[in-house]
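In what follows, a single structure is set out as structure tokens and then discussed.
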Amino acid sequence: MEGEEVERLREEARLLPRSDAAWPAENELEVVLPDSHKPAPFWAWILLVFSVLAFTSSGIVFSMMPEVPFLTLASWRLQATSWLLLPPCLVELVLWTSAETRCRILQSWGLLAANGVLLGTHFGLWVLSLQLTSLPHAMLFVTMSPAIVALSSWVRGRPISRGELAGTALGVAGGALLALTSVHHGGGGERDPSWQGDACALAAASLFVIHLEMGRRLRSFTPMLTYSAVVTSLAAGVLVLGGTLLEGSGLLGDRRGHASFGALQWLVDRRYIGKILILAILPGIVGHVGFNTLIKHMDALILTLAGSVEPLLGAWIGYALGLVSAPPLLTYIGGFTVITSTVIVSIAGHFR
């Protein structure tokens, strides 16, 4: 009798009238996207802290290899990350992913490829901005990502509260303070500002926002390791191509004979393989893969604001390692401002 009662209730539920506007499509039931009012789980905030901390190591390790051309060095990092991701990605696809999901991933190969190109181009433009303008200017414009997220939400008619706008403005101000203090930590006076470099940094910030937004959609059905491996591998390919065309790098060395750096040299050179593996594991796996996990649970505005605190953490770590002087008071003020803005945006988004 109990089984018959269950079947009767199911039949009544099927007969109930429903509005298409009130019921989401089946494929929309797979994940609650960050646009909803559902708060991020506690573990996501822990992962966000570790991801931002991991990102700060990239600048320190990069500074230990100043002789390597920028695009080639960036490609080394993404190559190593993608190769570390490939084995678990294959296991995830074969053992833990349904045939339906694999089919959907194949159908979305164009979006995955485009997002990989976006990430690689973001890296390339950011590196190029460091060569064309002053470090404070480059950092100032690349930390404009939160403002770009808020502006894009407003342009597309997405709901955004006054609290989120106020928090974003506060975060941009804090990012500007952090960028201006970078002149005290090397690089600020070595290059004059230029509009070309500023434009590259701003474009890099814009592409990163698009990368996060597109990644949020792809992550609604693409497993985390698969998404990270595919996008990172394609981004590495873009940077290898850029290094070949713009820096003259060959496979294991410079094909023009001007230097001795190649696209795969990090694999055979003891001077670099350890440092590149550190970059692959910390900012690569913990940092970027962490963000790829979080875009399914957090709004891009929170992620970009949290990333803006990286200069403060980098200054602390660099000072602890004896690489830079003690951070000035303005650095602490800027960092506290950015952290406060992240909290404001998170609370305002929850009560929107």
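TRP45 fulfils the conditions (1) modelled with pLDDT of 90 or more; (2) assigned to a helix (DSSP H, G or I); (3) more than 22 Å from GLU213 (Cβ to Cβ) except for a single criterion, (3).
Hey, can you tell me all the residues within the stretch 307-332 that are among the small types (Gly, Ala, Ser), assigned to a loop (DSSP other than H, G, I, E, B) and touching a Phe, Trp or Tyr at 6+ places or on another chain (Cβ under 9 Å)? Full working, then the answer.
Initial filter on the stretch 307-332 (among the small types (Gly, Ala, Ser)): 307-308, 314-315, 318, 320, 322, 325-326.
Restricting the remaining residues to those that are assigned to a loop (DSSP other than H, G, I, E, B) gives 308, 322, 325-326.
Once the filter is applied, which keeps residues that are among the small types (Gly, Ala, Ser), assigned to a loop (DSSP other than H, G, I, E, B) and touching a Phe, Trp or Tyr at 6+ places or on another chain (Cβ under 9 Å), the stretch 307-332 yields SER325, ALA326.
Residues being surrounded by fewer than 24 Cβ atoms within 10 Å (Cβ to Cβ) and either basic (Lys, Arg) or in a helix (DSSP H, G or I) (or both): count how many of those fall in the stretch 293-306. Qualifying residue count for the region: 2.
Filter the stretch 52-88 down to residues that are among the polar types (S, T, N, Q) and crowded, with 19+ Cβ neighbours inside 10 Å and give me whichever is farthest from the chain's Cα centre (by Cα). Lay out the reasoning, then the answer.
In the first step, residues of the stretch 52-88 are kept if they are among the polar types (S, T, N, Q); the result is 56-58, 63, 72, 75, 79, 81-82.
Then drop every residue that is not crowded, with 19+ Cβ neighbours inside 10 Å, which leaves 56-58, 72, 75, 79, 81-82.
Values: THR56: 13, SER57: 15, SER58: 13, THR72: 20, SER75: 16, GLN79: 16, THR81: 14, SER82: 15 Å.
Residue satisfying both the conditions and the ranking: THR72.
Only a single item in (1) at pLDDT below 75; (2) assigned to a helix (DSSP H, G or I); (3) surrounded by fewer than 20 Cβ atoms within 10 Å (Cβ to Cβ); (4) not aliphatic (A, V, I, L, M) is not met by PRO136, and it is number (3).
Of all residue pairs spaced 6 or more apart or on separate chains, those with beta-carbon atoms under 8 Å, a first member in the stretch 286-305 that is modelled with pLDDT of 90 or more and a second member that is surrounded by 24 or more Cβ atoms within 10 Å (Cβ to Cβ) and not in a helix (DSSP H, G or I) are LEU303/ILE295. So for the stretch 333-345 (the condition being under 15 Å from PHE50 (Cβ atoms), in contact (Cβ under 8 Å) with a residue 40 or more places away in the chain and surrounded by fewer than 23 Cβ atoms within 10 Å (Cβ to Cβ)), does at least one residue qualify? Looking through the stretch 333-345, none of the residues is under 15 Å from PHE50 (Cβ atoms), in contact (Cβ under 8 Å) with a residue 40 or more places away in the chain and surrounded by fewer than 23 Cβ atoms within 10 Å (Cβ to Cβ).
When the residues of the stretch 158-192 are filtered to those that are more than 12 Å from MET139 (Cβ to Cβ), buried (at least 16 other Cβ atoms within 10 Å of the Cβ) and over 23 Å from the mean Cα position of the chain (by Cα), the one that is modelled with the highest pLDDT is GLY163.
The values are calculated or read from the model by the stated rules, or taken from the named source; none is laboratory data. Note that the structure is predicted; figures quoted are calculated from it, not measured. No Cβ is skipped: glycine too gets one built from the backbone with ideal geometry, and neighbour counts run over all protein chains shown.
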